[in-house]
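All of the numbers you see were taken from the coordinates with simple rules; none came from a lab. Keep in mind the model is a prediction, meaning the values are calculated, not measured. We place every Cβ from the backbone using ideal geometry, glycine too, and count neighbours over all the protein chains shown.
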Amino acid sequence: MDANQAENLFESKLAKNEMIEPKDWMPENYRKHLIRQISQHAHSEIVGMLPEGNWITRAPSLRAKLVLLAKVQDEGGHGLYLYAAAETLGTGRAQMIDDLHSGKAKYSSIFNYPTISWADMGAIGWLVDGAAILNQIPLCRCSYGPYARAMVRICKEESFHQRQGFDILLALANGSPEQRAMAQDAINRWYWPAVMMFGPSDDASTNSAQSMKWKIKRFSNDELRQRFVDMIAEQIKVLGLVVPDPELRWNEERGHYDFGPIDWDEFWNVVNGNGPCNRQRLRTRVEAHEEGEWVREAASVYADKKRSRENQTKAA
Ligand code: FAQ
């Protein structure tokens, strides 16, 4: 097959909504675009373990501790599926991790905010996982097979995460005045950063147009953000609390909620490494990686031993 035929086959698969698989021919920029997005996504999952990991030792009950532990482990698992999906595109895991540790690779802005009370576990589950689900469900239909398939399982787990977050906030909202205030304070701090998670507005989104053409992204940043605002504006009524946006109101004509301006300076400041916890998050990741050196070494020696034993058995 010559280059033209390969490209035609790629385009016809996209047109028919068929998946592109690792061994298929693909344009180099499609490959690079996916490596960028999938590795950033993987990094977000493992850096995303840190803000909640901070509360495992301080969970208010054994049940709460078990649920939080399971959630944080799920996020680690998501990171693994995603690194594995990115590896099918020909990039090594060590390289991706190096890029994260050197600050070259991005990860989601949301994980650079501190978790200062137990209510933050509720706000992260409800708002952050809620935003993640809206963004990720369309990715289950993205054109690259290994990414799409990883997203199916991830989305199932994220739904449980969102419910557990809402459950924490509901308990606090129905608790003492202090607990209610704690829940409101967490929502006040996490709401806008969660709205920003969807990325820059469509006119400032450099990757969207191409991503849509390649059927990686199915909806624009602003479309998904609007869905999020609409969803949260309804769900918060059950909590009897409010979001920190005085301009939030239902627009009958649009059939959507209108909302106030987003502080894009804050967003870009965090994306560019200057959020409240960027340095701390990277430092913790690097330390964890260094402390895990002996585990990687032991696993690789064990794998070598196993392989050589299997070879000996085959030869016998
Ligand atoms: N933070 O042109 P666009 C989770 C960058 S997982 C930092 O619009 P694109 C689960 C963007 O990379 C959360 N940087 O980019 C969980 C680009 O820079 P580049 C992560 C951001 O790719 C819950 C530049 O701005 N989810 O929460 C952000 O078309 C709880 C221009 O932007 C995913 O990664 C941001 N928020 O759209 C875990 C989902 N937004 O790369 C633990 C997959 C934008 O050109 C606990 N990713 N940038 O240098 C996506 O859907 C897309 O990549 C977007 C960005 C929507 C994030």
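A few points about this structure:
- Candidates ASP258, ASP129, ASP74: whichever shows maximal mean-square fluctuation once the chain is modelled as a Gaussian network with Cα springs under 10 Å: ASP258
- Sorting 130-140, 237-247 by average packing, meaning the other beta carbons within 10 Å per residue, from highest down gives 130-140, 237-247.
- Against the rule of thumb 2.2 N^0.38 Å, how large the Cα Rg of the stretch 35-96 comes out: 1.31
- Top of ALA183, ALA70, ALA173 by mean-square fluctuation, Gaussian network on the chain, Cα under 10 Å: ALA70
- Equivalent ellipsoid dimensions for the stretch 65-157 as semi-axes, Å, which come from the Cα gyration tensor, largest first: 24, 18, 12
- Folded to 0 to 90 degrees: helix 278-291 orientation relative to the chain principal axis, Cα: 40 degrees
- At the listed q of 0.10, 0.13 Å⁻¹, the Debye profile of the chain, built from one uniform point per Cα, gives log10 I(q)/I(0) equal to -0.63, -1.02.
- Cα-based helix-to-principal-axis angle, 62-87 vs the chain, degrees rounded to 10: 40 degrees
- Ranking MET121, ALA186, LEU100 by how far each Cα lies toward the positive end of the dipole of the stretch 97-194 (charges on Cβ) leaves LEU100 at the top.
- Calculated log₁₀ intensity ratio I(q)/I(0) where the Debye formula runs over C-alpha points of the stretch 206-282, q = 0.14, 0.17, 0.20, 0.23 Å⁻¹: -0.71, -0.94, -1.05, -1.07
- Rounded to the nearest 20, the size of the Cβ-charge dipole of the chain about its Cα centre is 1100 debye, with Lys and Arg at +1 and Asp and Glu at -1.
- Compared with the dominant Cα axis of the chain, that is its longest principal axis, helix 145-173 is turned about 20°.
- Positive-end ranking of ASN269, TYR302, ALA316 along the dipole of the stretch 243-316, with charges on Cβ about the Cα centre, is headed by ALA316.
- Exceeding the 20 Å Cα-Cα cut-off - candidates LYS23/LYS217; LYS32/LYS106; LYS23/LYS305; LYS32/LYS71: LYS23/LYS217; LYS23/LYS305; LYS32/LYS71
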